[in-house]
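For reference, the structure is listed below as structure tokens.
The values are calculated or read from the model by the stated rules, or taken from the named source; none is laboratory data. Every value quoted in this text rests on a predicted model; they were computed, and no experiment measured them. Every residue, glycine as well, gets a Cβ built from its backbone with ideal geometry; the counts of neighbours run over all protein chains shown. Accessible surface areas use protein heavy atoms only, side chains included; no ligands, DNA or RNA. Shrake-Rupley method; radii C 1.70, N 1.55, O 1.52, S 1.80 Å.
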Amino acid sequence: SGAAAGMLAPCSEAPAAGPFLDLCRRSLALWPGLAATLLEEGGVDCELDTGGLLRVALEEAEVPELRERAAARRAAGVAVEWLDAAATAAAEPALGDAAGAALYAGEGHVHSVRAVNALLAAARRHGAELLTGAEVTGALDGGGVRLDDGRSIPAATVVLCAGAWSGRLADALGVPPLPVEPVRGQLLGVRDLDPAPGRVVFAGLHGYAVARGDGVTLVGATEDHAGFDARRTPAAERHLRGVGARLLRGFAAATPAHARVGLRPRAPDGLPLLGRLGETLLTATAHHRNGVLLAPATAEGMAAMVLDGVTPDGWGAFDPRRRT
């Protein structure tokens, strides 16, 4: 999760109205409260920024589709405004040439590394014990798991949420295989970008740029199917440098900071797998590009299922036993 850019962009990720867009929008609405709680309880600032996202048309040919999509979102109650080329340049001076953009108010990003660390610390404060270097090798009769070091951990409920590795663990736990595949993603970070973007800049298949408070601007992201190989590739780096040069005026003079690689968990239909696999086993996985965005709503819904036996409205679309 810490390798993610941390974008909070429901209207860029959900292709159409429906349960997935509803889940994304619900989760975005939960992020300010979660970030405030993590800051108040643990003193960690997740650098939540919901100052807006620009979905940019880099070419004139891309304008009609983006304008139509923005109009449909606006009709559904989303706060979105279309900007022509001049207004786009004024709204985001860091951009290179663009033909126009849709400005989605309220979307943005969060610092994924800070958020992960803050959530881990919060879990410990609330009584959770984190075990590392331990592999789950099987399920216990009556609920719980066995570990490869011989320990048994009884539990009334087990939630399988192992990201790209969820399919492998499902097999170990004795349930039908989960159709989760790893999708490798790579991104670049640069420093000293002048000017740095003030908002998330999202250009569809071209890529995106996100500036963080520590002075690093992230440029992403690639997607390829390489199994569980999480190594960097020269081809991806070349591609991302091209994305940065196309999106950002000052990219060529920026200082390289780092490169990151992560494995996104994806189901064949692109929707998350959320719900019950058995009497004492549930799963929350296959969030693909939206793990950071969907974290609060996933937690809210899974808590309702575990503690109250209530399945949230619309979650039938994410049933892990559906045909994907």
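Calculate what fraction, in whole %, of the accessible area of the stretch 152-199 sits on carbon and sulfur atoms when a 1.4 Å probe is rolled over the protein chains.
Carbon and sulfur: 55 percent of the exposed surface of the stretch 152-199.
Calculate, for the stretch 110-247, the solvent-accessible area per residue in square angstrom, rolling a 1.4 angstrom probe over the heavy atoms of the protein chains.
Accessible surface, normalised per residue, equals 51 Å².
Relative contact order (percent) for the stretch 1-110, with alpha-carbon contacts under 8 angstrom and 6 or more residues of separation?
36 percent
For the stretch 33-181, what does the alpha-carbon gyration tensor say about shape, rounded, prolate or oblate, given a ≥ b ≥ c as the root eigenvalues, a/c under 1.5 as rounded, and a/b over b/c as prolate?
Cα axes put the stretch 33-181 in the prolate bin.
Enter the accessible area per residue of the stretch 1-40 (Å², integer; probe 1.4 Å; all protein chains in place).
Here the residues of the stretch 1-40 average 41 Å² of exposed surface.
Plugging the Kirkwood radius over Cα pairs into Stokes-Einstein for the stretch 100-226, at a temperature of 10 °C and a viscosity of 1.306 mPa s, what D comes out in µm²/s?
86 µm²/s
Expressed as a rounded percentage, what relative contact order does the stretch 78-216 have, with Cα pairs under 8 Å and six or more residues apart?
Relative contact order here is 17 percent.
Expressed in nm to one decimal, what extension gain is obtained for the pair Arg67 and Asp45 from 0.36 nm per residue of sequence separation less their Cα-Cα distance?
The span from Arg67 to Asp45 would gain 4.4 nm if fully extended.
Starting from the Cα of Arg231, step 7 Å along the direction of its Cβ; do the same at Asp319; then give the gap between the two resulting points in nm.
4.3 nm
Rounded, prolate or oblate, given the Cα gyration tensor of the chain, with a/c below 1.5 counting as rounded?
Since a/c reaches 1.5 and a/b is larger than b/c, the shape of the chain is classed as prolate.
Ignoring everything except DSSP H segments at least 4 long, calculate the 222 nm mean residue ellipticity for the chain; use -39,500 (n - 2.57) per segment, divide by total residues, nearest 500.
Rounded to the nearest 500, the figure is -10000 deg cm²/dmol.
Using a Förster distance of 22 Å, how high is the FRET efficiency between Asp148 and His126, based on the Cβ-Cβ distance and rounded to 0.05?
0.25
Tell me the carbon and sulfur percent of the accessible area for the stretch 1-134, rounded to whole percent, probe radius 1.4 Å.
Result for the stretch 1-134: 54 percent of the exposed heavy-atom area is carbon or sulfur.
Could you state the angle between the C-alpha long axis of helix 234-247 and the longest principal axis of the C-alpha atoms of the chain, as a value from 0 to 90 degrees rounded to the nearest 10?
Between helix and principal axis, roughly 50 degrees.
Taking all protein chains as present, what is the carbon and sulfur share of the accessible area of the stretch 213-324, in % to the nearest whole number, probe 1.4 Å?
Using a 1.4 Å probe with all protein chains present, the stretch 213-324 comes out at 52 percent carbon and sulfur.
So how far, in whole Å, is the C-alpha centre of the stretch 175-201 from the one of the stretch 39-80?
If you average the Cα positions of each part, the centres end up 17 Å apart.
Could you let me know the centre-to-centre spacing of the stretch 256-308 and the stretch 7-35, using Cα atoms, in angstrom?
13 Å
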